[in-house]
Amino acid sequence: METTKIQFSRREILTLGATIAVTTGILGAGKALAGEPAATPNAVGPFKLPELPYPKDALAPHISAETLHYHHDKHHAGYVKKLNELVAGTKYASMPLEEVVTASREGTIFNNAAQHWNHSFYWNCMSPRGGGKPTGDLVNRIRKDFGDVQAFKKQFADAAVGQFGSGWAWLVKKPDGSLAIEKTHDADTPIARGGHPLLTCDVWEHAYYIDYRNERAKYVDGFWQVINWEFVAQNDAKG
Ligand code: FE
């Protein structure tokens, strides 16, 4: 299979709205499963649903093709469609996505914009070539702030599993350069407060219910098997 180079610049998200610059040579990425309805089309508007950076079956058995079909083609697409409908004719229609998040602050525009940003980020936090352990400077930084990689994974998993109801677990870089774990409710996102995420795990039930039913902890175990440490390191290097 041709090696896929993910070009995912945080700045590109800021400036290009929803368009993630993902270059992929993998045929079939973003396609519906055989016999399944096609992805929800984008409404006419400035924000676009990014293609998944891997084929839908690439993360199995940890994240199934069926989960990615519903999660990306239905849930994420739904946020984009709704966002485009909501911003039509408003000041938000010409803003980069991150600016919509910070300017709207709350309400339905915020919820749909934040969910669009969060999911676009989340897809890249996983990779068919993921799993394993972080390397390079990232290991040293994790050791410095969490003790060791296992301790970090336990704290992150505790945040993900312990998030009551829908939300997200995050690894963020604080202004002083240290790393920290956060969890947010519903659509809330660290970027709403100027935060700098390095990693996220979606803990809404739609992220895992098909594969794991109510067992969120098993989903988080599977997440570690596909975690894209390279993407985490790239985000860490971006200031
Ligand atoms: Fe989700």
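Amide H to amide H under 5 Å from LEU199: which residues, 5+ apart in sequence or cross-chain, H placed 1.01 Å off N in plane?
LEU171
Quick check: the distance between the Cα centres of the range 117-166 and the range 184-239, to the nearest angstrom?
8
Dipole of the range 137-236, Cα-centred, from +1 at each Lys and Arg C-beta and -1 at each Asp and Glu C-beta, to the nearest 20 debye?
Details: 12 positive and 15 negative charges, 46 e Å.
Roughly 220 debye, rounded to the nearest 20.
Count the net charge of all other residues whose Cβ sits under 13 Å from the Cβ of GLY147, scoring Lys and Arg as +1 and Asp and Glu as -1.
So the surrounding residues net to +3.
In sequence order, what are the phi-derived ³J(HN,Hα) couplings for the range 82-88 according to the Karplus relation 6.51 cos²θ - 1.76 cosθ + 1.60 with θ = phi - 60°, rounded to whole Hz, with x for glycine and proline?
5, 4, 4, 5, 6, 8, 4
None of the figures in this text is laboratory data; all of them are computed from the coordinates on show. Everything numeric here is computed off the predicted structure, so don't read it as measured data. Note: ideal-geometry Cβ built from the backbone for every residue, glycine included; neighbour counts use all protein chains shown.
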